[in-house]
1. Would you mind telling me which numbered condition in (1) at pLDDT below 95; (2) more than 24 Å from residue 252 (Cα to Cα) residue 207 fails?
2. In the list 249, 347, 257, 245, which residue meets the criterion of being closer than 28 Å to residue 33 by Cβ, at pLDDT 95 or above and not in a loop (DSSP other than H, G, I, E, B)?
3. State which residue pairs qualify: first residue within 17 Å of residue 196 (Cα to Cα) and inside segment 281-299, second residue assigned to a helix (DSSP H, G or I) in any location, beta carbons under 8 Å apart, and separation of 6 or more residues or different chains.
4. Please enumerate the residues belonging to segment 179-234 that are without any contact (Cβ under 8 Å) to a residue 40 or more places away in the chain and crowded, with 18+ Cβ neighbours inside 10 Å.
5. Please go through segment 350-363 and give me each residue that is without any contact (Cβ under 8 Å) to a residue 60 or more places away in the chain and either over 17 Å from residue 7 (Cβ atoms) or among the β-branched types (Val, Ile, Thr) (or both), ordered by number.
6. Which one of 297, 315, 280 is of a type outside the set (S, T, N, Q), on the phi < 0 side of the Ramachandran plot and touching a Gly at 6+ places or on another chain (Cβ under 6 Å)?
7. When you check residue 310 against the structure, is it modelled with pLDDT of 95 or more and either assigned to a loop (DSSP other than H, G, I, E, B) or assigned by TED's automatic domain parsing to the domain that holds residue 44 (or both), yes or no?
8. Quick test for you: out of 361, 379, pick the one residue that is at pLDDT 95 or above, crowded, with 19+ Cβ neighbours inside 10 Å and assigned to a helix (DSSP H, G or I).
Amino acid sequence: MRGKVGVVGAGFSGAVIARELADAGYKVIVFDSRSHVAGNCHSERDPETNIMLHVYGPHIFHTSNEKVWNYIRKFDEFMPFVNRVKALVGNKVYSLPINLMTINSFFGKALSPKEAAEFMGLIGDQSIVVPLTFEQQALRFVGRDLYEVFFKGYTQKQWGLHPSELPSSILKRLPVRFNYDDNYYASAYQGIPKHGYTFIVGKILDHPNIDIQLNTNFERGMAGDYDHLFYSGSIDSWFDFADGRLGYRTLDFEVERHRGDYQGNAVINYCDQHVPWTRISEHKHFAPWESHDSTIIYKEHSRQCGAADTPYYPIRLVNDKAQFARYVELARAEQKITFVGRLGTYRYLDMHVTIAEAFEVAERFLDMQKSGGAMPSFVVDPLA
């Protein structure tokens, strides 16, 4: 046995790091404050209907990273699933992301791909050369009408701020497709595990060198018991919120049970601002290979994250990033601890990115052990 390593957090980040180091001969102790592994990806069967629930909201695995795709499929069979999101506006339903069907349906046209591209170029605000805000980004690429209908209200509900107050980076590269492809993701690989994400994470952690301690809050004073610590909890909590709490959005789920099929689709966005929820997910549609007479829906509500809430989305506005930078400075002064994952690096990460970065962290640690170098506080620059 090489040495003893601590991992705080049993989500994908902590689990993959733990498994990679356990395979290399390290004794790894994994801590999680919850009663289950898999973090916010946790899934479980509803005892009444046997529907697989995405307990903390929908998770669809997608990636173009072949290494990640091959790795994750070692632990469960992945079933084909294409995320085809719909948007409800008033009394009409549209296809997302914006594609040729959306454009033609919304404007009452029958444009060809070339005609649609030319049309969108005309309605977009070309005077906005470098979009700085979410609103400018949307106006630049889809124009006023589509922005008002699909983005404005939804964004205000999701973030609690007007789109003019949000950075353009939140919208990133706005997907507009000039064909009828309504696959929400452009990734090469996409699917959902047959037995759920908690099953997968449990299999990743199923190793004789890994000890899992659930329902356990890791205290800072315990760090000295380990040769190195990988921390995927919130970075501000590690420092006992010395510079205040970082800003997050959290989610509340209004759960309803019905007979039959409630909405005919896994996810429908509700873009009108007067509708209190952002979207409704119907969980049996995430497993179309199964059959269920009843159904369970989650009406999703977004709000500011409080001290007792589960953090979902880092806000990362100017003040938040400045505050986070101060925590990064504190973290870089620490010894024998590496901050990882969504909460440890204060970034929103998809599952496949989390896994890829966990590989990178584990590989760096093993390299440092061979060379005698010091493991950094961050392997990926969280301020980039």
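1. (1) is the only condition that residue 207 fails.
2. 249
3. If the second residue must be assigned to a helix (DSSP H, G or I), the pairs left are 290/284; 292/284; 296/283; 296/284.
4. Once the filter is applied, which keeps residues that are without any contact (Cβ under 8 Å) to a residue 40 or more places away in the chain and crowded, with 18+ Cβ neighbours inside 10 Å, segment 179-234 yields nothing.
5. Within segment 350-363, 353 is the sole residue that qualifies.
6. Every option except 315 fails the conditions.
7. yes
8. Of 361, 379, the one residue that is at pLDDT 95 or above, crowded, with 19+ Cβ neighbours inside 10 Å and assigned to a helix (DSSP H, G or I) is 361.
The values are calculated or read from the model by the stated rules, or taken from the named source; none is laboratory data. Please read these numbers as outputs of a predicted model, since none were measured by experiment. Virtual Cβ from ideal backbone geometry, glycine too; neighbours counted across all protein chains shown.
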